[in-house]
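Worksheet: the structure to be examined is printed underneath.
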Amino acid sequence: MKRKWTVLVISFVMGLFLAGVGLAKEKVTVYTSLETDEIVKYLEVARKDLPDLEIDIIRLSTGELGARMLAEKDNPQADCIWGWAVTNMEQFIPLNMLEPYKPKGVEKLEKRFVHPEYYYVGIDMYIAAFCVNTKVMKEKDLPMPKGWNDLLNPKFKGLIAMPNPVASGTGFLQVSSILQMYGAKEGKEDGWEFLKKLDKNIGQYIKSGSRPAKMTAQGEFAVGCSFDFVVAEQKKLGFPVEFVFPIEGAGYEIEANALMKGAKNPKAAKRFLDWAISENAMKEYAKFKYGVTLPGIPTRPDLPKLSEIKLYPMDFAWQAKNRDAILKKWESLFLR
Amino acid sequence: MKLKKEGQGLTFSAPVSSERWLVWMTMGILLAILAFFMLYPVYDICKLSFLKGGTFTLKNYQSYFSNPRMFRSLTNSLYVSLVTTAITTFFAFFFAYGLTRTTIPGKNIFYTISTFPLIAPSIIQGLALILLFGRNGLITRYLLHTDWNIYGATGIIVAECLYCFPNALFILYTTLSAVDTRLDEAAQSLGASALRTFFKVTLPSAKYGIASAAALVFNLTITDFGVPVVIGGNYNVLATEIYQQVIGMQRFDLGATISVILLIPSVGAFLLNYYLTKKSYALISGQARPFLQPSRPFKKWAFTIYCWIPTTFILIVFITVFLGSFVKTWPYDFTLTLQHFDFPSLGGNAPLWTRFWSSVLEGQWRSLIAYKYAPIWNSLWVSVLVALGGASLTLLAGYLIEKKRPGGVEILYTLSVLPAAIPGTVMGLGYILAFNKPYFFIYGTFWIIIINIIICNFTLGTLSSIANLKQIDRSIEEAAISLGADPIKTFTQVVFPLTKTAFFSNITFFFMRAMTTISAVIFLVSAKVKLAAIEIIFLDIDGRTASANAMCTIIIVLVVAMLVVMRLITGKSGLKGMSVTA
């Protein structure tokens with residue numbers, strides 16, 4: 001009697017499981033480095049716009065996502081990439097990992113953000129920013145930093161959090177912008193000397209671009225090197241924080257979408273990529289991001305105007321070419 | 001746990017050829033599973049670390065040892081593990097002494113609470129310590145106003161001590177309660193002082209148990225991933241270094257090299273533990289334990305207070321994480337809220353669950369229940385399948401090893417106990433290297449995770465099956481066979497019912513491990529399969545500590561629910577003897 005029950009229960013369980021697998025909708029697997037907060041909101045819209053598409057997402061930091069895709073190169077698990085740094089995209093093209101795809105409506109986007117052969121299509125931009133906790137600043141009697149140089153002040157010792165550029169795209173654009181500022185493109189080493197000085201004040205290198213801001217908001221550090229909208233979100237949550245865009249010029253990065261070569265569900269992936277540059281999607285992006293690549297969409301009002309920020313003119317081609325070497329050197333110097 | 005070749009069952013029934021065939025086939029299948037899912041991945045790791053372009057080279061090792069930062073991960077690991085081993089063994093020994101050799105009140109409470117760390121992912125210790133002693137900790141910042149914090153070696157050591165405590169306790173408890181206490185009494189009645197008795201009689205008789213507990217703690221600490229990843233800060237250890245090299249840097253060769261380096265101390269500690277456990281069993285006397293003399297009041301009070309210390313710490317860990325998941329902003333605002341259970345995570349799709357809830361619910365609730373809670377449902381799913389599969393396979397392995405003993409069974413035995421020696425992170429990396437190929441369709445699905453968890457925990461399952469089968473007299477089985485039952489019927493209708501207790505306790509064990517394991521599985525989660533325990537890590541990395549606590553709370557609630565269910569079914573508490581390795 002009892003055995004019958006066990007058999008019944010097991011076959012019921014297995015049956016349910018197989019049924020779940022069997023009745024599949026159209027499926028797409030998307031890899032992304034967008035922030036979790038945003039993705040949650042975007043997906044609500046995506047699932048409304050594409051009700052018959054089952055969207056599976058993996059979210060990892062920029063560097064970790066790249067590692068994962070490289071590891072899976074011979075057996076790609078992702079169908080497309082969504083919101084991943086252009087620098088890293090550039091590295092993937094010669095590795096033959098991307099498949100050119102011209103999504104519907106791409107002609108409406110600003111040309112300079114779209115790869116000429118449609119290997120990737122840019123969707124938005126994000127900018128390096130410091131998250132400064134005003135309460136901690138007051139307690140420790142610290143001067144408000146205006147840019148990278150002010151962070152060398154020994155008073156900040158141990159009170160700065162910075163992303164680890166190996167894992168975090170934000171960290172990479174910060175390091176890369178400092179290096180470019182100090183003439184790394186002309187072969188100068190001054191940028192590294194600056195980073196060495198800065199290193200003396202860094203309390204912790206964190207494998208995420210948003211976490212330094214979050215930790216600073218909660219009072220664990222005085223300054224968190226992070227990027228624009230994360231700081232705005234912390235402010236909105238009521239934490240005592242302020243934005244600072246480094247006056248030396250703030251580094252930035254474009255995020256883009258691409259189709260994976262060898263995607264298992266190319267049709268579904270293309271549908272998703274079409275959606276990902278649609279007006280509906282762009283409107284959602286604009287609720288978080290500084291600028292989106294579809295012209296005419298208003299950006300969020302609680303961020304300073306783009307015209308008021310001094311952007312550093314990033315050289316994406318140089319970055320892509322030198323990324324591995326920069327990270328290797330960074331690791332040997334600073335990883336503790 | 002000796003493999004006695006000369007069983008008492010010399011009068012075995014004439015072996016039917018079909019039975020022999022069946023036994024051989026079963027053993028063949030088990031061997032194939034273990035070889036393919038355990039040896040092959042480890043082989044792939046060794047291959048990758050020693051070969052470059054097809055030729056043997058030590059270049060990877062050279063670059064490991066010549067990089068001071070990476071080399072430090074080895075010394076860090078050894079330091080943390082040795083200190084943890086010393087502290088945990090010391091505390092657990094006297095705790096076990098208090099429980100077995102004194103007449104303190106509340107032994108059951110002490111014992112039960114000390115097993116708590118087993119029902120949660122190891123990461124819970126780290127989370128609690130950060131809430132209390134982190135940069136923004138309740139105690140460090142708000143009570144003491146100090147800048148000191150627990151990140152780094154201190155944090156890892158304290159957290160690992162708490163995590164390893166029950167594992168060491170099980171061994172020492174068994175040792176101390178099995179050694180004949182009449183020796184102590186004899187020594188005392190011959191005039192030895194209490195202290196002298198302790199050092200000359202009690203301690204020596206428990207030495208193998210102590211050493212075996214120490215080896216186990218060392219093994220657990222050096223292979224743990226969850227604690228150092230949350231509380232290590234800039235302090236890197238071998239297990240986190242493997243993850244960093246592989247997931248962060250794409251350096252599979254270096255990851256494999258560090259894996260081999262990690263394998264050496266962990267296999268060493270395992271072998272030592274194994275050897276000492278055997279020795280310690282030899283000292284166990286079969287004599288019934290005589291009545292325990294009532295302890296003197298001073299001893300009684302001292303041990304009662306002493307036992308409260310680790311117990312309190314463990315309780316504080318659990319209470320902190322529970323509280324941390326229900327208050328608004330730790331430690332600023334203690335208003336109660338459920339907002340952290342609305343996980344700011346992506347969730348995912350779960351078979352059945354997502355389709356069902358997304359068709360029933362709308363808007364926010366749909367996103368919450370159908371997608372964000374999907375990893376929890378996935379974890380439950382995986383755990384149920386792991387429990388059934390793991391318990392069945394290990395019972396079968398135990399049955400072959402203990403009762404059937406076909407030729408070459410030693411190989412099966414060795415392979416069955418070996419998984420405990422292999423660190424989870426190593427196994428996880430090995431699975432990527434071995435199975436991420438287009439023709440392994442199970443890669444990236446539930447099944448590879450289920451198989452991985454079963455294999456990683458095969459040791460204890462098999463050992464406890466063997467121990468239980470030992471208690472069944474061979475003659476019962478022989479009677480069944482001579483009455484005409486075929487081998488399958490004998491197994492399902494005679495052997496299985498008699499080993500039901502072992503089977504159910506294995507089910508509980510595998511379920512708990514599947515719900516709480518992190519180290520191997522973190523390499524195997526994919527877009528399609530997300531698990532609750534892994535979500536804790538991702539939430540924490542993302543800076544969402546409160547929600548990480550909330551996820552931890554949910555896992556604990558589910559595991560406790562499972563324990564209650566199993567208790568209702570079997571009428572026994574499932575936690576006894578449920579150490580991670582034997």
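The values are calculated or read from the model by the stated rules, or taken from the named source; none is laboratory data. Just so it is clear, the structure is predicted and the values come from calculations on it, not from any experiment. Here Cβ is always computed from backbone atoms with ideal geometry, including for glycine, and neighbour counts include all displayed protein chains.
Some notes on this structure:
- Single condition A:Tyr118 does not satisfy, out of (1) of a type in the set (Phe, Trp, Tyr); (2) at pLDDT 95 or above; (3) within 30 Å of B:Val529 (Cβ to Cβ): (3)
- Condition check for B:Phe503: among the aromatic types (Phe, Trp, Tyr) and modelled with pLDDT of 90 or more: no
- Only one of B:Leu380, B:Leu346, B:Leu336 that is touching a helix residue (DSSP H, G or I) at 6+ places or on another chain (Cβ under 8 Å), at pLDDT below 85 and among the hydrophobic types (A, V, I, L, M, F, W, C): B:Leu346
Condition check ((1) within 14 Å of chain B (Cβ to nearest Cβ); (2) not in a loop (DSSP other than H, G, I, E, B); (3) not aromatic (Phe, Trp, Tyr)) across all residues:
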| site | (1), (2), (3) |
| --- | --- |
| A:Gln180 | no, yes, yes |
| A:Lys185 | no, yes, yes |
| A:Lys188 | no, no, yes |
| A:Lys196 | no, yes, yes |
| A:Gln204 | yes, yes, yes |
| A:Ser208 | yes, no, yes |
| A:Pro212 | yes, yes, yes |
| A:Phe221 | yes, no, no |
| A:Ser226 | yes, yes, yes |
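- Within region B:320-373, considering residues that are facing chain A (nearest Cβ under 10 Å), crowded, with 18+ Cβ neighbours inside 10 Å and aliphatic (A, V, I, L, M), the one farthest from B:Gly137 (Cα to Cα): B:Ala350
- Top-ranked residue in region B:87-138 [being within 14 Å of chain A (Cβ to nearest Cβ) and without any contact (Cβ under 8 Å) to a residue 60 or more places away in the chain; ranked as farthest from B:Val559 (Cα to Cα)]: B:Arg135
- Test: residue in region B:446-462 that is surrounded by fewer than 22 Cβ atoms within 10 Å (Cβ to Cβ), farther than 25 Å from B:Asp224 by Cβ and either at pLDDT below 85 or not assigned by TED's automatic domain parsing to the domain that holds B:Lys403 (or both): no
- Among residues of region A:50-88, those that are within 19 Å of A:Pro103 (Cβ to Cβ), within 9 Å of chain B (Cβ to nearest Cβ) and small (Gly, Ala, Ser), counted: 1
- Any hit, region B:478-489, residues being more than 12 Å from chain A (Cβ to nearest Cβ), surrounded by 22 or more Cβ atoms within 10 Å (Cβ to Cβ) and either acidic (Asp, Glu) or touching a residue at least 12 places away in the same chain (Cβ under 8 Å) (or both): no
- Applying the criterion of being surrounded by fewer than 24 Cβ atoms within 10 Å (Cβ to Cβ) and among the acidic types (Asp, Glu) to the residues of region B:138-182, the residue that is farthest from B:Ala206 (Cα to Cα) is B:Asp147.
- Residue in region B:39-56 that is closer than 24 Å to B:Gly233 by Cβ, surrounded by 15 or more Cβ atoms within 10 Å (Cβ to Cβ) and of a type outside the set (A, V, I, L, M, F, W, C) present: no
- Where B:Ala387 falls short, out of the listed (1) more than 8 Å from chain A (Cβ to nearest Cβ); (2) without any contact (Cβ under 8 Å) to a residue 60 or more places away in the chain; (3) within 30 Å of B:Phe504 (Cβ to Cβ): (2)
- Any hit, region B:199-219, residues being over 28 Å from the mean Cα position of the chain (by Cα), at pLDDT below 90 and either of a type in the set (Val, Ile, Thr) or under 30 Å from A:Ile206 (Cβ atoms) (or both): yes
- Checked against (1) closer than 23 Å to B:Ile113 by Cβ; (2) surrounded by 15 or more Cβ atoms within 10 Å (Cβ to Cβ), B:Val201 meets all criteria but (1).
- Screening region B:437-552 for helices (runs of 4 or more DSSP H) wholly inside it with 2 or more residues that are within 23 Å of the chain's Cα centre (by Cα) returns the ranges B:446-456, B:458-470, B:500-516, B:532-541.
- Within region B:237-265, restricting attention to residues that are of a type outside the set (S, T, N, Q) and outside any helix (DSSP H, G or I), the residue that is farthest from the other protein chains (Cβ to nearest Cβ) is B:Val237.
- Scanning region A:132-172 for residues that are in a strand (DSSP E or B) and within 27 Å of A:Lys328 (Cα to Cα) yields a total of 4.
- Matching helices (runs of 4 or more DSSP H) fully within region B:167-236 where at least 1 residues are over 30 Å from B:Glu535 (Cα atoms): B:182-189, B:194-197, B:207-223
- Contacts under 8 angstrom Cβ, first residue in region B:158-175 being in the same structural domain as B:Ala214 (by TED's automatic domain parsing) and of a type in the set (Phe, Trp, Tyr), partner at pLDDT below 95 and not in a helix (DSSP H, G or I), 6 or more apart: B:Tyr163/B:Ser122; B:Tyr163/B:Asp224; B:Phe170/B:Gly577; B:Phe170/B:Met578; B:Phe170/B:Ser579
- Hits in region B:266-297 - residues which are in a loop (DSSP other than H, G, I, E, B), touching a helix residue (DSSP H, G or I) at 6+ places or on another chain (Cβ under 8 Å) and either among the hydrophobic types (A, V, I, L, M, F, W, C) or modelled with pLDDT under 80 (or both): B:Ile284, B:Ser285, B:Gln287, B:Arg289, B:Pro290, B:Leu292, B:Gln293
- Pair list, Cβ under 6 Å, 6 or more apart: region B:395-412 residue closer than 18 Å to B:Ile488 by Cβ, other residue modelled with pLDDT of 85 or more and among the hydroxyl-bearing types (Ser, Thr, Tyr): B:Leu395/B:Ser465; B:Ala397/B:Ser416; B:Ala397/B:Thr462; B:Gly398/B:Thr462; B:Gly398/B:Ser465
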